[in-house]
Amino acid sequence: MTNPYMEIAIQEARMAAEEGEIPVGAVIVKGNIVISRAHNLREKMGSATAHAEILAIDEACRILGRWRLDDCDLYVTLEPCPMCAGAIINARIRRLYFGAADPKAGAVGSVVDLLRMRAFNHTPEIYEGIMESQCRKLLTDFFKPLR
């Protein structure tokens, strides 16, 4: 089943791949309005923190003029890493929807499960496997010629 917001995240991931970046895309939605969208730019920006989620969160905060995104949802093609999971907690993202699991660096159940830890001051709703096969294919297609 397709999801219009994950479709946008997949478009962002494709743009990342075209730029030689790991194909991860993210979209932040408030109500039915796309507030921000981004893709990985670590190579282009020369920054370890230029993940799609971080860039989308930063842009949403700028657009809305606040750091709390507790009425916003995040769609991302790959399970967030620990850094991005921390940003999701700190921004108070209401719901997280992600496509493919990340068995090497995923922080939403694959390696660790930061977003479901009740010790933190915020726990978003989590929905996994959204358009998973399409999201996973982006990654396998990107890495295939590199191996």
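The values are calculated or read from the model by the stated rules, or taken from the named source; none is laboratory data. All of these numbers come straight from a predicted model, not from anything done at the bench. Please note: Cβ atoms are built from the backbone with ideal geometry, for glycine as well, and neighbour counts cover all protein chains shown. We work out accessible area using only protein heavy atoms, side chains counted, and drop any ligands, DNA or RNA first. Shrake-Rupley method; radii C 1.70, N 1.55, O 1.52, S 1.80 Å.
Under a crude label model (7 Å from the Cα following the beta-carbon direction), how far is R95 from T140 in nanometres?
Modelled inter-label distance: 2.8 nm.
Out of residues 5 or more away from G25 or on other chains, whose amide H comes under 5 Å of its own, with H placed 1.01 Å from N in the peptide plane?
Under 5 Å from the amide H of G25 lie the amide H atoms of A13, T77, L78, each far enough along the sequence or on another chain.
Keeping all protein chains in place and using 1.4 angstrom, which order do R92, R37, R118 fall into by accessible surface area, from largest down?
Correct descending sequence by accessible area is R118, R37, R92.
Across every pair of different alpha-carbon atoms, what Kirkwood hydrodynamic radius in Å does the chain reach?
14.9
May I ask for the angle, rounded to the nearest 10°, between helix 82-91 and the longest principal axis of the chain, with both axes built from Cα atoms and the value confined to 0 to 90°?
30
Mind pulling the angle between the C-alpha long axis of helix 52-64 and the longest principal axis of the chain? Nearest 10 degrees, somewhere in 0 to 90.
40
So for the chain, averaging the separation of alpha carbon pairs under 8 Å that are six or more residues apart and normalising by length, what relative contact order in percent results?
About 21 percent, as a whole number.
Stokes-Einstein diffusion coefficient for the range 76-144 at 10 °C in a medium of 1.306 mPa s, Rh from the Kirkwood formula over Cα pairs: what value in µm²/s?
Estimated diffusion coefficient is 131 µm²/s.
Over the residues of the range 66-109, compute the C-alpha Rg and express it relative to 2.2 N^0.38 Å.
1.12
Determine the per residue accessible area of the range 2-147 with all protein chains present and a 1.4 angstrom probe, expressed in square angstrom.
On a per-residue basis, the range 2-147 sits at 50 Å².
Ignoring ligands, DNA and RNA, what percent of the accessible area of the chain is carbon or sulfur (1.4 Å)?
Roughly 54 percent, rounded to a whole number.
Between A105 and T49, what is the label-to-label distance in nm when each label sits 7 Å out along the Cα-to-Cβ direction?
Roughly 1.6 nm, to one decimal.
In degrees, nearest 10, range 0 to 90: what is the angle between the Cα axis of helix 4-18 and the longest Cα principal axis of the chain?
Taking the Cα atoms of the chain, the angle to 4-18 is about 50 degrees.
Apply the a/c threshold of 1.5 to the C-alpha gyration tensor of the range 1-81 and tell me whether it is rounded, prolate or oblate.
oblate
Local charge sum around E7 (other residues, Cβ-Cβ under 12 Å, Lys/Arg +1, Asp/Glu -1)?
+1
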